[in-house]
Structures are given as structure tokens and as C-alpha cells.
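Presented below is the structure to which this report refers.
The values are calculated or read from the model by the stated rules, or taken from the named source; none is laboratory data. Computed from a prediction, not measured in an experiment: that's the story for all the values here. Here the Cβ positions follow ideal geometry from the backbone for every residue, glycine too, while neighbour counts run over all protein chains shown.
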Amino acid sequence: MPPILSLMAALAAATPVVESKAAEAPVQQGVTVYTLDFFAGTNVTTALDMVKRLPGFALDTGATVRGFEGAAGNVLVDGARPVSKTDGLDQVLYRMPASQVERIELIRGGAPGIDMQGKAILANVIRKKSGGLQGLVALANNYDPASGRQRPGVRVEGSGQLGPGRAEASLRFGQYFDDGAGDGAHVQTGASGQPQELSRVNGRGDGWQWETNDAFEAPLADGKLRLNGRGFWDHYRYREVNHFSQPAGETDTEIDYQNHTQTEFGARWARNLGARTQLELIGLRQTDDTTYVADVGDPSGKSRYDQQKNIVETIGRAVLKHRLNATLSLEAGAEYAVNTLDGLTGFSQNGTPVALPAANVTVEEDRGEAFAKAVWRPAPQWTVETSLRYETSSISSAGDVTVAKDLSFAKPRLFVTWAPWTGLQLRARYEREVGQLNFDDFVATSNPNAGVTTGNPNLNPEQDWVSELAVEQAFWRDGSAALTVRHYELTDAVDRAPVFSKAGVFDAPANIGDGTKDELQLDLTLPMDRFGIKGGQLHGTSTWRQSQVVDPTTRASREISGLKPWVWEAHFTQDLPSWNAVWGIDAFSGSRQTYYRFNEVYTNKQNDAWVALFAEWKPRRDTVVHVELDNILERGFEYNHQVFAGPRGASAVSFDDNRDLNFGRNIYLRLRKTFG
């Protein structure tokens, strides 16, 4: 037996798995069922609370990409993905009361008849077949003690039978703080190392949002039809005043606003074609419009930044699923998407417009993908999942830059799971991944935080071959520890490079060649009863990353722009059944992100952890009071902007600009009342 298996066997023998009465399905079958008995004695209120309690599971809300196939998260509802890309899985689960959940199936490594969406672990939330009228009203308020600001919010939800089907509706309005804006010191150091600017920054960011979500589900043509719609409106405003002591008397005022609107309409129709075959048809259309304006005054004069973007995506998708027998299932399908972007960017200094390359661009992408998948269980301990996806796309742009090109990629995937004994599972994955081109990279951008960058409609998507190994060991009753190692071989890595034009040299997104990326991830779910903390659970995850690409300016090796080298989060909860309460602590690590441009380096840091202490009390079965103290450690943000006199590596540093801003603590209060 390999040494690692011997070690796991010893661990399993020392800490035997005690199956809860909720785990009714054998672990070696790949599916563990958590009924309501598992959550008895806990203070769960929503399906999101329940999912967070699942051993060894961390919620993945999905990727922000075009198309439907590659945007999946790791939660299903009644065996299917929600037909939405703009409504996050966390919000879908938050709107679902725990009383509506019948059970949750945790699927590890795949199972026949289940589309794993490319994930190693899936949670399938099964709802009760209830036709009663249910409703919810929630009032909330966020209070900033330092400034005295209050930001209230309200949420109203309802669901129930409507004719032959069931309808759901929700409306939310809320105001919010921007905790990335605050007060602090600003210093700009010149090439000599002496300060050339000193100021005190006072910054405030606020906004308000409206959101509505509606759905209707009913039988249709021997199948089931579900319609859903979403509208989202966000208005954000930021103001910053710099009080300069050097040069004396100077004041820098920055005012900007951003209006963001999203709409989405989705439809899914599914019908069984016999006992083992199912047809699913999906249609989705979404719009995303943003208007951004910023006016900035500084010692060198006044600048104006503005941008307008309009994005539309329309998707059609068909999937046919067939289960040959208890050990083998097949799936085939195709989807087609049309995506458009209209982008207009402006920048002026002291009233004089500055010409930007790719400032006015219209982009259209016609994208198709066909796929075939198979899940095979040759033995109770083994699961093999294979798939092949083939995508083609035609991309064209008009306006300042005219480009037309066709792309095609084959994306094979092999995923193997082995469970040599109850409680232990080993997973291996080998896959070709093809990233999606970010439409934002096609058009120039301008904003006070990142300056001016030009667009690049001639980008190719980043590709990689990823190798992944994972080992997960269950222990005690609800404990789990998993270690995952991933290695990526990158092609056409997307980063930054200089672009030369008549107006000067600008930074732009670009393909900079090959590279590598490595990740080590540790996930732990630790029941605390054995440590004398009855009803307590600690869940944490930590990821270390290392990457390497060749910088197009210096030709030296460096990390990938914007990649966080190390992040972690930890969540502790303890149920207090005798008080009908739960309390806990959420902590998220600080982080560092560095962005490399041909003559600049931006580094954003959060030096401390973000920590929140919360308590939730149910004075009645239908009433929940939630109190939260956020940012206990008063984590701030450090922004460093290093500017060179010319290209990095060949030029000296012109100046170094550093801001150290702090937002402070705030108090969040929510009262939630359910009906029905």
C-alpha cells in the first residue's frame, strides 16, 4: 500500500467515522444525504445556512463568463442549475427558507445521472412539495459609528400556488457603505526619496440598490417549465477630499458616480422521454449597462474620466441525458450564444480631450459549443467522468479598431474518483481549460484609481492544461479534511503590455506567452464537541498560489498580475438550543494583488484580517433577530502606485505614491419575519 494510503488508514482507524442518521446513502456511492435530522438542534434559518453546515463543502457561486456551460457554481436546486447568471447562488439559497428544504444531497466525485458542472463536489438542495402561501419581511440597518451614517434596507418575499403552477417574487431595497473608502494618510515620494506630496485623505463611498426576482413554475407539454426574471439597479457615488500640507494649501477633490443596471430573463423546460431519458431546453437573455463619470482636481490641474458600456447576451441551450443502467449515464448537448458590447470611453485634462486608442468600439461574438459527457462507475469504489467540449466563436469589432477572426478549441476532461474505504476519497483531474475573453479588455478604460488603459480587440483567450490531485478524509461524526494540489500549464497568458499610438504609449491587455500556475488548497471542517464546545463547528479553507510568466517589458520572470498569493477564511458557529440562538465569528484573510504595467506597478494590500462577530436569536419560530459587528480589527486598505520615468527595467522610479486608508467598524442589525 502506498505510504499516503497507509497514513490515511491509520488516521481512519484512530478516528473512526460515525455516520449520522442523516447520512442515509452509502458514502462509497458518491452521494451522502443530509435530511432535516442532521440539522436538528441547529439554528439554521435559510438554505444558505444549511449549505454552510455541510462537512467538507465550500460554496462556489460560479464564474462570471459568457455562455451558460462554463458559468456553473456547485449547488443544484431540485437536481438542476438555477437559470440565472446574474443572481448569485448565495442569494438564491438565502431567499429559500430552511422550512422549504426536504434534504440536501452532497455528491463527491460524481454519480451516474448527475452533471457535476466540472466540480469535484456538488450540493443538491431538494425542496418540499409544498403548495402553501409563504412570505417574508425583513428590515435591516447598517450603522457606521465613526461618521454617524446609517444605511437602511428592506426585503419583501412571497411564494405560493398560482393556478396550475407555483410563483415566487421578491423585492429588495438597500443602501450601503463602500468599506474600501475611508480616511488616512497619503504620501508621494520622489526619485530622491524625499516626500514631494503629503496630505490627509477623507473619502466616503455610498450607494443604493433596487433588486427584484420573480419566478413561475408549472407543468407544460408533459414536462415542467420554469420562468424567471431579475432586475437590478445600483447607483454609487464617491467623494474624496485631500488636505495637502505639502504643497501647502492645496486641496484635491474627487467626485464620481456609477450607474449600473442589469436585466435578465431565463426559461427552462425539462421533460422525461421515458424512464431513463430526459430532454432539457434553456433560453437566457441578459443586459448589463454601466455609466461612469469622474471629475478629479489635483495640484497639476483637472481631469475628467467617463465611460459607457452596454452589454447584451442571448443564449440557447439543449441537453439530452440518458442513463443506460445503474453504473453508466450519458449526456450530450449544444449551446449557442450571441454577445454584443458597445463601449465609449473619454478622458480629458484641463478641458482638452486626450485621444485614446480603442475608445469607441462595438464588439460582437457568435459562440457555439457542443459537448458529450459520460459518467461510469465500474466498481462501487470507482467513478470515472469523461467529457469533450468543442467550442467555436467568431469575433468582430467596429469603431476605432476593426478586427474579425474565428477561434476554435477542443476541451477534453478526465475526472477519476477512488474511495478505497468509507470516509476516504482520492480524486484526480486532467483537463484542458480555455478562458473567455473579457469584453472589458476590448475597449479603453479610464478611472482615477487605475489611470488610462487602451483596449485590445485582438486578444486570444488564455488556455491551460490543468492537473489536479485531491485527497479527502472524513472523521468523527461531521469532520472532514481535504488537500488539493493543482498545476496549470498556461498558453497565451492574458496580462498587460505597452501599445504605441500617435497619442503616445498606453498600457493594454495582451497575450504575453506561456506561463505556469500552482495552487495548494486545504479545506477543514472540524466539529468542536470533542473540545468541550457543544454545538460548535469550525470550517476553514486556505489557498496558496505561485505563478510565473515573462514580463513583456523587462523580459524577466514575474507573477501573474492580480493573482493573490495566499488567501484564507475561517467560520466558527455554535448553536445554543436552550436559548434558540446561534453565535459565531467570520474571518477573511488580508491579501495582496500586484498589477504590472510597462511603466507602473500597482499594489493593493489588506494587511489585516476582516473579522465579524454575529449573534442570531429566534424569540419566536417565525421571527429572527440578527446582530453583527463587522470589521472588528478595523482592517484598512493600502494602495501603492509606483511610477517609472520610462519602461520598467530600463528607467528609474519617478515617484512612489502610497495611501493607507481605514474604514473602521460598523454595526449591522436585521429583523426577519416569516408568514405561512
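Counting only residues that are surrounded by fewer than 16 Cβ atoms within 10 Å (Cβ to Cβ) and either of a type in the set (Lys, Arg) or within 14 Å of Gly207 (Cα to Cα) (or both), region 151-162 holds 1 of them.
Of all residues in region 647-659, one or more are crowded, with 16+ Cβ neighbours inside 10 Å, assigned by TED's automatic domain parsing to the domain that holds Arg545 and farther than 29 Å from Arg555 by Cα. Consider Pro577 carefully, then state whether it is more than 19 Å from Leu629 (Cβ to Cβ) and touching a Lys or Arg at 6+ places or on another chain (Cβ under 9 Å). Taking the combined requirement at face value, the residue does not satisfy it. Residues that are under 27 Å from the mean Cα position of the chain (by Cα) and crowded, with 18+ Cβ neighbours inside 10 Å were ranked within region 376-410; the one that is nearest to Leu426 (Cα to Cα) is Glu385.
Say whether the condition of being basic (Lys, Arg) and buried (at least 18 other Cβ atoms within 10 Å of the Cβ) is met by at least one residue in region 129-150. Among the residues of region 129-150, not one is basic (Lys, Arg) and buried (at least 18 other Cβ atoms within 10 Å of the Cβ), which makes the answer no. Is region 191-202 home to any residue that is over 30 Å from Gly664 (Cβ atoms), in contact (Cβ under 8 Å) with a residue 60 or more places away in the chain and of a type in the set (A, V, I, L, M, F, W, C)? Among the residues of region 191-202, at least one is over 30 Å from Gly664 (Cβ atoms), in contact (Cβ under 8 Å) with a residue 60 or more places away in the chain and of a type in the set (A, V, I, L, M, F, W, C), which makes the answer yes. Count of region 584-624 residues, restricted to those that are outside any strand (DSSP E or B) and of a type outside the set (Asp, Glu), is 8.
For the structure I just gave you, tell me whether Gln278 is in contact (Cβ under 8 Å) with a residue 12 or more places away in the chain, polar (S, T, N, Q) and either outside any strand (DSSP E or B) or in contact with a Phe, Trp or Tyr (Cβ under 7 Å, 6 or more places away or on another chain) (or both).
Working: in contact (Cβ under 8 Å) with a residue 12 or more places away in the chain: yes; polar (S, T, N, Q): yes; either outside any strand (DSSP E or B) or in contact with a Phe, Trp or Tyr (Cβ under 7 Å, 6 or more places away or on another chain) (or both): no.
Answer is no for this residue.
One residue stands out in region 417-435 among those that are β-branched (Val, Ile, Thr) and either crowded, with 17+ Cβ neighbours inside 10 Å or modelled with pLDDT of 95 or more (or both): the one that is nearest to Asp366 (Cα to Cα), namely Val434.
Taking every residue in region 662-676 that is under 13 Å from Asp144 (Cα atoms) and pairing it with any residue that is of a type in the set (Val, Ile, Thr), at least 6 positions away or on another chain, the pairs with Cβ-Cβ distances below 6 Å are Leu669/Val627. Where strands (runs of 3 or more DSSP E) sit wholly within region 394-506, those with at least 2 residues that are farther than 26 Å from Asn339 by Cα occupy 403-418, 424-434, 463-475, 479-491, 494-501.
Condition test on Gly664, is it of a type in the set (Gly, Ala, Ser), surrounded by fewer than 16 Cβ atoms within 10 Å (Cβ to Cβ) and at positive phi? It is false that Gly664 is of a type in the set (Gly, Ala, Ser), surrounded by fewer than 16 Cβ atoms within 10 Å (Cβ to Cβ) and at positive phi. Note on region 600-625: residues that are in contact (Cβ under 8 Å) with a residue 60 or more places away in the chain and of a type outside the set (Lys, Arg) total 4. Checking each residue in region 188-202 for being farther than 14 Å from Ser654 by Cα and either aliphatic (A, V, I, L, M) or out of contact with any Phe, Trp or Tyr (no Cβ under 7 Å at 6 or more places or on another chain) (or both) picks out Leu198, Arg200, Val201, Asn202.
Within region 163-179, being assigned to a loop (DSSP other than H, G, I, E, B) and either crowded, with 16+ Cβ neighbours inside 10 Å or assigned by TED's automatic domain parsing to the domain that holds Tyr668 (or both) holds for one residue alone: Asp179.
Flag: Val51 matches the condition of being modelled with pLDDT of 75 or more, buried (at least 19 other Cβ atoms within 10 Å of the Cβ), at negative phi and part of a helix (DSSP H, G or I). The set of residues in region 84-126 that are at pLDDT 80 or above, charged (D, E, K, R) and under 25 Å from Ile315 (Cβ atoms) comprises Asp90, Arg95. Can you tell me which residue within region 615-646, out of those that are buried (at least 17 other Cβ atoms within 10 Å of the Cβ) and among the aromatic types (Phe, Trp, Tyr), is nearest to His571 (Cα to Cα)? The residue in question is Phe637. Candidates in region 298-343 are the residues that are in contact (Cβ under 8 Å) with a residue 40 or more places away in the chain and among the hydroxyl-bearing types (Ser, Thr, Tyr); of these, the one that is nearest to Leu356 (Cα to Cα) is Tyr305. Of all the numbered requirements in (1) more than 26 Å from Ser542 (Cβ to Cβ); (2) assigned to a loop (DSSP other than H, G, I, E, B); (3) modelled with pLDDT of 85 or more, Glu19 misses one, and that requirement is (3). Within region 287-330, the residues that satisfy the criterion of being hydrophobic (A, V, I, L, M, F, W, C) and closer than 30 Å to Ser387 by Cα are Val312, Ile315, Ala318, Val319, Leu320, Leu324, Ala326, Leu328, Leu330. Could you go through region 557-566 and let me know if any residue there is modelled with pLDDT of 95 or more, among the β-branched types (Val, Ile, Thr) and assigned to a loop (DSSP other than H, G, I, E, B). There is at least one residue in region 557-566 that is modelled with pLDDT of 95 or more, among the β-branched types (Val, Ile, Thr) and assigned to a loop (DSSP other than H, G, I, E, B).
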